[in-house]
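Data first, discussion second: the structure below is written as structure tokens.
The values are calculated or read from the model by the stated rules, or taken from the named source; none is laboratory data. This structure is a prediction, so every number in the text was calculated from the model and none was measured. In this analysis, Cβ positions are derived from the backbone assuming ideal geometry, glycine residues included, and neighbour counts consider all displayed protein chains.
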Amino acid sequence: MRYLPLAPAENQALLDVIGVKSPEDLLCGIPEPLRLKKPLNLPQSSSELDVLRQLEEMAGQNTKFSSRFLGAGAYAHFVPSAIDMLTSRQEWFTAYTPYQPEISQGTLQHIFEYQTLICDLTGLDVSNASMYDGGTACVEAALLAVRVQKKKNTILVSSGLHPHYQEVISTNIAPHDGLKLVRVELKDGVTDLEDLKAKLTQDVACFLAGYPNFLGCIEDTAAISAVTKPAGALLVSVTQESMSLGWLEAPGKSGADMACGEAMSFGNSTSFGGPFLGYLAVKDGHKREMPGRIVGQTQDLNGKRGFVLTLASREQHIRRDKATSNICSNQALVALRANIFLQLAGPEGLKGLAMQNAAKAQYLQSKLIETGKFETVFAAPYFNEFVLRYKGSANVLHEACLARGILPGLLLDQYYKSLADCMLWCATELNTKQEIDELAAFVASMKA
């Protein structure tokens, strides 16, 4: 908050009303040893202009890149100014849980619209009111599958799933006695179907696969479904780059039982790593096991359209030990941005943006290959990310790009030992032809 309107006398009046002598008395519930015994290291007073200048000086220490080619779960896309304008209206600055429909129709409506859009994109029947991020959405999908698939306690994940998502799943299922997490190997950048078949035992509740996966490769959801369904396991499609859903077949239409992932690409900026926007969509038969809240459309006594919380796990608020989940949330403001973005774009606009991403990535790959310094690693189709192996030290190239003011692709050896000197490159609609050509020229000038 940039401006605090209360004067000291007004602050004291508030304390008098609640019967407290000083603000410090409000901290009585915190043990004395845990309290800070000295003032914060801040100037006692300063003008607003001086504070702004100091903050600008601090911000100037951040590295500014002339171009960015890094994705790997957080993607830079254009955010129309209309989104900031609309979401900054005071109507949206409300408590995030709309318990009272009589005074929350606007919030309930935009959440309902968001859910509808997610269902359209994923080809599934029901979406909840958004979640923290892609990683926790994976956790919720896996635990939902375990609840639905009674007496099954094994969760399979493709090794192509985002490594951070895999860590979040592992951390969150650890407290659940009896649950097991098993990884399925890759072959040529996508899930090894033979290894998947071998690990699809009778106690497997679900299998999670990226779409596209962490390496940018587009998994064949229909082929995977043909393997998981006969074994009685649910297929969970995980999309970390939601812009791809404007280009690819909806996962629900190609065999997925659930779809989850990260939707921050719709109207939200990367902002030093957040906020993110997880989503989860399922078939109608699984809706009562969904975590969080589901907004529904209804009619009032006069036949007028209205919106209400149709399904909500009340135990999340009053009986946490009985809750479906304790990490889900309504993320309403971030979901509102996605809602506005998707409605501004429309079906054809989203498809056009996705086409730009795919075309820019193809051009980027071709220009890097032309330098003679890279070679392709996988033959699988991709959307806006791909892996190339550098014919030299990828670490040296990475540091050289950073020094040049270019944010390069991700070094993959930290996640996959077999991909030494390999980099995961990304291009979005924000990357211009000039930026790509300048990157290629710089790489070509590098000494072997």
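Residues are listed down the side, and each one gets a yes or a no for (1) modelled with pLDDT of 95 or more; (2) in a loop (DSSP other than H, G, I, E, B):
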{"position": "75", "(1), (2)": "yes, yes"}
{"position": "96", "(1), (2)": "no, yes"}
{"position": "102", "(1), (2)": "no, no"}
{"position": "108", "(1), (2)": "no, no"}
{"position": "117", "(1), (2)": "yes, no"}
{"position": "124", "(1), (2)": "yes, yes"}
{"position": "160", "(1), (2)": "yes, yes"}
{"position": "166", "(1), (2)": "yes, no"}
Residue list for the stretch 422-441, restricted to those being under 18 Å from residue 369 (Cα atoms) and buried (at least 18 other Cβ atoms within 10 Å of the Cβ):
422, 423, 424, 425, 426, 427, 431, 435, 436, 439, 440
Looking at the stretch 350-374 only, could you name the residues that are of a type in the set (S, T, N, Q) and touching an Asp or Glu at 6+ places or on another chain (Cβ under 8 Å)?
356, 357
For residue 439, indicate whether it is outside the structural domain of residue 162 (by TED's automatic domain parsing), in contact (Cβ under 8 Å) with a residue 24 or more places away in the chain and outside any loop (DSSP other than H, G, I, E, B).
yes
Are there any pairs with C-beta distances below 7 angstrom linking a residue in the stretch 241-258 that is of a type in the set (Lys, Arg) to a residue that is not in a helix (DSSP H, G or I), with the two at least 6 apart or on different chains, and if so which?
253/123
So which strands (runs of 3 or more DSSP E) are wholly in the stretch 210-298 and hold at least 2 residues that are under 14 Å from the mean Cα position of the chain (by Cα), within 27 Å of residue 362 (Cα to Cα) and not charged (D, E, K, R)?
234-239, 258-262
Considering the stretch 206-218 alone, what residues qualify as being crowded, with 24+ Cβ neighbours inside 10 Å and over 17 Å from residue 74 (Cβ atoms)?
206, 207, 208, 209, 211, 217
Do we find that residue 375 is assigned to a strand (DSSP E or B) and among the charged types (D, E, K, R) in this structure?
yes
Out of (1) closer than 22 Å to residue 269 by Cα; (2) in contact with a strand residue (DSSP E or B) (Cβ under 9 Å, 6 or more places away or on another chain), what's the single condition that is false for residue 126?
(1)
For the stretch 222-237, give me the residue count where each residue is buried (at least 23 other Cβ atoms within 10 Å of the Cβ) and either in contact with a Pro (Cβ under 6 Å, 6 or more places away or on another chain) or farther than 16 Å from residue 195 by Cα (or both).
3
Suppose the filter is free of Cβ contacts under 8 Å to residues at least 40 places away in the same chain and within 16 Å of residue 182 (Cα to Cα); does residue 116 pass it?
no
Looking at the stretch 374-386, I want the residues that are of a type in the set (Gly, Ala, Ser) and have a partner that is part of a loop (DSSP other than H, G, I, E, B) with Cβ atoms under 8 Å, at least 6 apart or on another chain. Which pairs are those?
379/188; 379/189; 380/188; 380/189; 380/218
Only one of these conditions is not met by residue 400: (1) part of a strand (DSSP E or B); (2) under 18 Å from residue 68 (Cβ atoms). Which number is it?
(1)
I'd like the full set of residues that are aliphatic (A, V, I, L, M) and in contact with a strand residue (DSSP E or B) (Cβ under 7 Å, 6 or more places away or on another chain), limited to the stretch 187-199.
190, 196
Check the stretch 90-110 and report whether any residue there is closer than 30 Å to residue 412 by Cα, of a type in the set (Ser, Thr, Tyr) and touching a residue at least 40 places away in the same chain (Cβ under 8 Å).
no
Any residue at all in the stretch 184-197 that is part of a strand (DSSP E or B), closer than 28 Å to residue 266 by Cβ and assigned by TED's automatic domain parsing to the domain that holds residue 278?
yes
Unmet requirement for residue 30, which otherwise passes all of (1) modelled with pLDDT of 90 or more; (2) surrounded by 11 or more Cβ atoms within 10 Å (Cβ to Cβ):
(2)
When restricted to 278, 232, the only residue over 30 Å from residue 81 (Cα atoms), in contact (Cβ under 8 Å) with a residue 60 or more places away in the chain and small (Gly, Ala, Ser) is 232
